[in-house]
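Data first, discussion second: the structure below is written as structure tokens.
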Amino acid sequence: MKYQVPQFLEVEDKIFGPFTLKQFLYAGAGIAMGFLAWTTFTRFIAILIGVPIVSLFFGLAFWKVNERPLAEAIENFFKYLLSPKLYLWKKEEKSPQKQAAEVIHHAQMDVPKLSNSKLKDLSWGLDIHETLETLDNISPKQ
């Protein structure tokens, strides 16, 4: 027995002309809120209140952020703000004396020769020299 598999699951059906049901409801709510503000308040206050509300509803209806509806982006924003956060790493501030002691410790370690390449040995020597220069710049305060 053959079954028809639905395709284009990501595309919503156009119900009201070129608009989906969500788009139509958001746009209708925005127009209603704008009309309510226009009839309730004076023109100046109605414009101050109505324009952002109507813009928000039209943004919810038609604007997409990274190929996702604005409503989903706003929902994710508030979920992020209100959810507990887990910090796995926080950098600890080290005193200059502790940094200098670590650099001295690393500089005094015997490093085995792991390669036969003179280029690698040269780059290793340059890296060590740089750490010794930073050690000279970090001197304990007296």
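Taking the Cα centre of segment 14-82 as origin and charging only Cβ (+1 Lys, Arg; -1 Asp, Glu), how large is the dipole, in debye to the nearest 20? Display every interim value, and only then the final one.
Working: 6 positive and 3 negative charges, 18 e Å.
Magnitude of the dipole: close to 80 debye.
Debye-formula intensities of segment 14-82, expressed as log10 I(q)/I(0) at q = 0.18, 0.27 Å⁻¹, are -0.75, -1.06 (one equal scatterer per alpha-carbon, no solvent).
Distance between the modelled labels on Q97 and K85, one decimal in nanometres: 3.3 nm (7 Å Cα→Cβ projection). Sorted from longest to shortest, the spans of the Cα atoms of segment 1-115 along the three principal axes equal 80, 65, 26 Å.
For segment 22-100, run through the trypsin sites (Lys or Arg not before Pro) and keep only the ones in DSSP coil with at most 12 other Cβ atoms within 10 Å of their Cβ.
Numbers: sites: K22, R43, K64, K79, K85, K90, K91, K94, K98; in loops: K85, K90, K91, K94.
Sparse-neighbourhood loop trypsin sites (Lys or Arg not before Pro): K85, K90, K91, K94.
Placing pseudo-labels 7 Å out from each Cα toward the beta carbon at R43 and K120 gives an inter-label distance of 8.1 nm. With a simple spin-label model that places each label point 7 Å from the Cα along the Cα-to-Cβ direction, the separation between E67 and I15 comes to 2.6 nm. Sites listed here are GluC sites (Glu not before Pro) in segment 1-84 whose DSSP assignment is loop and whose Cβ has at most 14 other Cβ atoms within 10 Å: E10, E12, E67.
Bear in mind that the values in this text are calculations on the coordinates, not laboratory data. Note that this is a predicted model, so its numbers are computed, not measured. Note: ideal-geometry Cβ built from the backbone for every residue, glycine included; neighbour counts use all protein chains shown.
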